[in-house]
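Everything on this sheet refers to the single structure shown next.
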Amino acid sequence: MLTSIRGLTAATFTAGLLLSAAPALANEAETGEANPEGVVSEVTTVLDGEIERASAPIDAEKASYADGDAGFEVTGNVTLASEYRFRGVDLSGGEIAIQGGVDLSTDVGIYVGTWASSLDEDTVGFGSTEVDVYGGWSGDIAEGLSADVGVIAYLYPDAGPGDFDYVEFYSSLGFTFGPAEATVGVAYAPDQDSLGSTDNFYVYTDVGVGLPGTPVTLTGHLGYTDGFLTFTNDSKAFDWSVGAEAAIYGPLSFGVSYVGVEGDGLLDPGGVFTDDAVVFTLSASI
């Protein structure tokens with residue numbers, strides 16, 4: 001059970017992260033899912049305040065080619081978030097978080113990337129920085145249906161003595177219905193010292209609906225954790241969010257979401273990590 005954030009010894013969410021939307025792997029600001037609180041040609045989607053790695057097929061016409069055979073594309077993202085939420089849990093002490101990442105994807109769907117976020121070292125206990133390193137495969141498997149599978153490592157390079165880093169495996173399916181998209185996914189972190197020699201299981205669904213004739217997309221998220229990464233007595237917790245995001249100018253987008261997660265008062269007195277919050281994000285992708 002989570003007693004400091006991920007134990008005495010993450011996030012992201014951003015979006016461990018899983019997505020159609022950081023990492024949750026960071027779907028993990030706020031992101032998510034670590035995040036820890038949400039990865040190919042589309043780099044980021046903001047859900048429940050967490051930067052989440054997105055899965056989208058590569059457009060071969062836009063890819064750069066090396067040696068005339070293998071195509072690849074490098075993309076990046078940067079976000080300013082009112083706070084970093086990973087699977088509903090606050091990892092920045094309610095303060096502004098600076099986040100960003102870089103991804104390299106190939107025309108056959110294989111990708112690798114890294115994403116980082118500032119943390120609140122005074123309350124979270126993992127130092128001032130989270131760095132996620134991930135890799136996997138993403139692509140279309142049928143019309144309107146895509147898949148994403150991979151592994152992500154949550155790293156805390158300036159944490160104090162003890163075990164904090166951990167590895168998580170993830171997979172998801174994405175569905176497209178006209179202006180609407182939905183994702184269902186799972187993430188599993190096997191037994192590790194940093195998880196108190198236990199494991200952690202996470203399952204979630206994300207939905208997004210674009211409003212015709214506008215740059216606005218309405219978003220929703222529901223997740224469920226069973227394992228070490230909770231603030232509940234029975235080690236089980238739901239997290240959720242509802243929000244909206246919009247393209248505002250060129251590569252810039254703005255998002256707002258209402259984020260919540262279950263927590264017990266004895267494990268999180270005063271709701272330091274689990275109080276509901278409204279999270280704002282300003283993001284740019286290149």
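Only residues that are among the aliphatic types (A, V, I, L, M), surrounded by fewer than 21 Cβ atoms within 10 Å (Cβ to Cβ) and in a strand (DSSP E or B): list them for region 248-273, please. Of everything in region 248-273, those that are among the aliphatic types (A, V, I, L, M), surrounded by fewer than 21 Cβ atoms within 10 Å (Cβ to Cβ) and in a strand (DSSP E or B) turn out to be ILE248, LEU252, VAL256.
Right, ASP276: open to solvent by less than 50 Å² (accessible area, probe 1.4 Å), acidic (Asp, Glu) and touching a Gly at 6+ places or on another chain (Cβ under 6 Å) or not? I'd like the intermediate steps shown before the answer.
Values: open to solvent by less than 50 Å² (accessible area, probe 1.4 Å): no; acidic (Asp, Glu): yes; touching a Gly at 6+ places or on another chain (Cβ under 6 Å): yes.
Judged against the criteria, ASP276 is not a match.
Would you say ASP191 is at pLDDT 95 or above, exposed (fewer than 15 other Cβ atoms within 10 Å of the Cβ) and not basic (Lys, Arg)? Working first, answer last.
Values: at pLDDT 95 or above: yes; exposed (fewer than 15 other Cβ atoms within 10 Å of the Cβ): yes; not basic (Lys, Arg): yes.
When the stated conditions are applied, ASP191 passes them.
For region 90-127, the tally of residues that are more than 19 Å from ALA153 (Cβ to Cβ) and surrounded by 24 or more Cβ atoms within 10 Å (Cβ to Cβ) stands at 3. Looking at ASP165, is it open to solvent by 40 Å² or more (accessible area, probe 1.4 Å), touching a helix residue (DSSP H, G or I) at 6+ places or on another chain (Cβ under 8 Å) and not β-branched (Val, Ile, Thr)? Against the criterion (open to solvent by 40 Å² or more (accessible area, probe 1.4 Å), touching a helix residue (DSSP H, G or I) at 6+ places or on another chain (Cβ under 8 Å) and not β-branched (Val, Ile, Thr)), ASP165 qualifies.
Within region 133-157, take every residue that is within 24 Å of VAL272 (Cα to Cα) and open to solvent by less than 30 Å² (accessible area, probe 1.4 Å) and give me the one that is nearest to the chain's Cα centre (by Cα). Per the stated criteria, the residue is TYR154.
The values are calculated or read from the model by the stated rules, or taken from the named source; none is laboratory data. Please read these numbers as outputs of a predicted model, since none were measured by experiment. Note that we place each Cβ from the backbone using ideal geometry, even for glycine, and neighbour counts take in every protein chain shown. Areas reflect the complete protein model, heavy atoms only, side chains present, ligands, DNA and RNA absent. Shrake-Rupley method; radii C 1.70, N 1.55, O 1.52, S 1.80 Å.
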